[in-house]
Amino acid sequence: MFTLNDILQANDGTIHLSGSSSAEQVFSAAHHDSQQIEQGDLFIAIKDFSVDSHTFIPAVAKVGAGAVLCTEPSSDVAPEFLQIVVPDVVKALHATARVRTQQQQNTTLIGIAGSNGKTSAKEAIASVLGRKAPTLKTNASYNNEIGYPLTLLNLEPQHRYAVLEMGTQRAGELTWLCETIARPDWAIITNVGAVHPGYFGSHERVALAKSELVQALPADGIAILNYDDSHVRGMSEKAQAQVLYYGLKEGAEVRGSDIGGDTLRGRYFTLSYQDQRVHVQLRLPGEHGVSIALAAAAVGCAAGLPLDEIRAALEALSPVKGRGEIKPGPNGSTLIDDTYNANQQSILAMIGAMHTASIAHGGKRWAVLGDIFELGGYARREHRTCGEALAGEVDYLVAIGNEARYYVEGAIRSCMPAENIFYFDADVENDHELEVAKHAAANLLKKEVRHMDMVLLKGSRAMRFETMLDML
């Protein structure tokens, strides 16, 4: 929630108002997607290389938007419709979010960074903290220079915590988000993996970029670090804030042990902190589900919640959409919907979870994998590494896309039988061609998969693998 006065104060001297206005006008939310606009919301009209959102101003006015933040007013709206004209919409958005957040001194801002698991960790942390006080969380995966300020504009006076995803694709980006928009009070670093190697080039550079969030914390802040990841553990040397470790290894203050149960439908473990211990039964998939739960538990411990409350919150969690959801598959099989996104680390984690999960006698495991994006010159290596890891873990590989050919190359190198490998070539930038390839793969699965089998669907966000769900 924010007001027109907040926008005026943040952008003093650079604003021209067109239409009827009151400085006390309240906006419940701001959106840059015209389809998300509801009555009274502020529409952020961004112009970039792919689309000029100014063309949607008449449409949002008709559905009841409270105003639009733009660089050029539209002439196709009612004269009274408020258009807030600024030289640079994105800079005005940043400034408004900064001013609004500074007014909320009683809210603890909690930033989350890491190569994998940010969204799942955000959901788990918000669930835990919500048992203590009203908590704001990032919508979907809004974690960049647009999504981060949009989330902060959703702050309400009653919020005592704000759980904020913070993404980065280049060195200096997290520092910039902290210094330009809002500096978190606490930070959680989930892991460091082979994500965006086309941008960073090495694990060490990824770790350096993620550590910027730890370095940005105030001295009275808290850095909550994954002790099991050596790159994350080493970030304590860069912190002026208090450090709280979580993990499975000795040395973690918030620790998980005695792990058992099903890797797909949910592990159980013993959660320990100081002299307390509780048994936790999760419904999150994979070993990484335990790590996500421990991150949330560590935040809960930092906030002073009793372990019984933390356990209740963790046991109520379910997988985030498209991140390890168990669904009915073709011909009565079990389908694992992990379609939201993919990188090497997350693919290997889900393949491992599928391999160790219980399966009906005679059942086979199918990995349906699409391209991993944003790999640059590392594309062949990263895909091939995933393909090599499939042998002995799954029975069949179905590869879809262009770079997906390197899954096939890796699987053959590791002696997966050629007759168990299916490749559907597609130009991933050609929507029609990609959908044709997906349909062909879906038809294969509907023909070959049996009721006792298990099928994993996973690819990068731009592959839009969720469209295969209806096909299956």
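Between GLU287 and GLN102, the FRET efficiency estimated from the beta carbon spacing at R0 = 45 angstrom works out to 0.65. What is the chain by shape, rounded, prolate or oblate, if you read a ≥ b ≥ c off the alpha carbon gyration tensor as root eigenvalues and call it rounded for a/c under 1.5, prolate for a/b larger than b/c, and oblate otherwise? Oblate, because a/c is 1.5 or more while a/b does not exceed b/c. By the gyration tensor of its Cα atoms, with a ≥ b ≥ c the square roots of the eigenvalues, what is the shape of the range 415-471: rounded for a/c under 1.5, prolate for a/b over b/c, or oblate? Prolate, because a/c is 1.5 or more and a/b exceeds b/c.
Provide the percentage of antiparallel DSSP beta bridges, counting only those with both residues in the chain; round to the nearest 5.
Antiparallel bridges: around 30 percent, rounded to the nearest 5.
Peptides 350-356, 427-433, 161-167, 303-309 ranked from most to least packed, by the mean per-residue count of other Cβ atoms within 10 Å: 161-167, 350-356, 303-309, 427-433. Distance between the C-alpha centres of the range 2-56 and the range 384-411: 47 Å, rounded to the whole angstrom.
Structural size metrics of the range 266-386, computed from C-alpha coordinates, are Rg and Dmax of 17.1, 50 Å.
Label-to-label distance, PHE49 versus GLU433, with points set 7 angstrom from Cα along the beta-carbon direction: 2.0 nm.
Packing, as the average of other Cβ atoms within 10 Å across residues, places the peptides 408-414, 381-387, 48-54 in the order 381-387, 408-414, 48-54, highest first.
Think of it as helices only: each DSSP H run of n ≥ 4 in the chain is worth -39500 (n - 2.57), and spread over all residues that comes to -9500 deg cm²/dmol at 222 nm. Tell me, what is the percent relative contact order of the chain, built from C-alpha pairs under 8 Å that lie six or more residues apart? Computed value for the chain: 11 percent relative contact order. With all protein chains in place and a 1.4 Å probe, the accessible surface of the range 240-349 carries 46 percent carbon and sulfur. DSSP bridge analysis restricted to the range 25-111 gives an antiparallel fraction near 10%, rounded to the nearest 5. Of all lysines in the structure, those lying under 30 Å Cα to Cα from LYS210, and not within fewer than 8 positions of it along the same chain, are LYS47, LYS91, LYS118, LYS122, LYS132, LYS137, LYS238, LYS249, LYS321, LYS458.
Nearest 5 percent is fine: what portion of the DSSP beta bridges confined to the range 1-150 is antiparallel? About 45 percent, rounded to the nearest 5. Shape analysis of the range 1-105 based on the Cα gyration tensor places the equivalent ellipsoid semi-axes at 20, 15, 14 Å, largest first.
Our Cα-only numbers for the range 165-305 put the radius of gyration and Dmax at 15.5, 45 Å. Remark: the range 46-179 is approximated by an ellipsoid whose semi-axes, taken from the C-alpha gyration tensor as √(5λ), come to 30, 18, 14 Å, largest first.
Using Cα pairs closer than 8 Å and at least 6 residues apart in sequence, work out the relative contact order for the range 237-283, in percent. Don't jump to the answer; show the numbers that get you there.
Values: 72 pairs, mean separation 11.4, N = 47.
Normalised by residue count, the contact order of the range 237-283 is 24 percent.
Across the accessible surface of the range 79-224, with the other protein chains kept in place and a 1.4 Å probe, carbon and sulfur atoms take up 47 percent. Here the range 81-124 is treated as a Stokes sphere of Kirkwood radius computed over C-alpha pairs; at 25 °C and 0.890 mPa s its diffusion coefficient rounds to 182 µm²/s. The peptide list 72-78, 29-35, put in order of mean Cβ contacts within 10 Å with the highest first, becomes 29-35, 72-78. Loop-located GluC sites (Glu not before Pro) in the range 200-254 (DSSP state other than H, G, I, E, B) with a sparse environment of at most 15 neighbouring Cβ atoms within 10 Å: GLU250. Rolling a 1.4 angstrom probe over the protein heavy atoms with all chains in place gives the chain an accessible area of 41 Å² per residue.
The values are calculated or read from the model by the stated rules, or taken from the named source; none is laboratory data. Being a predicted model, the structure only gives us computed values, none of them experimental. Here Cβ is always computed from backbone atoms with ideal geometry, including for glycine, and neighbour counts include all displayed protein chains. Surface accessibility is based on the protein's heavy atoms, side chains included, excluding ligands, DNA and RNA. Shrake-Rupley method; radii C 1.70, N 1.55, O 1.52, S 1.80 Å.
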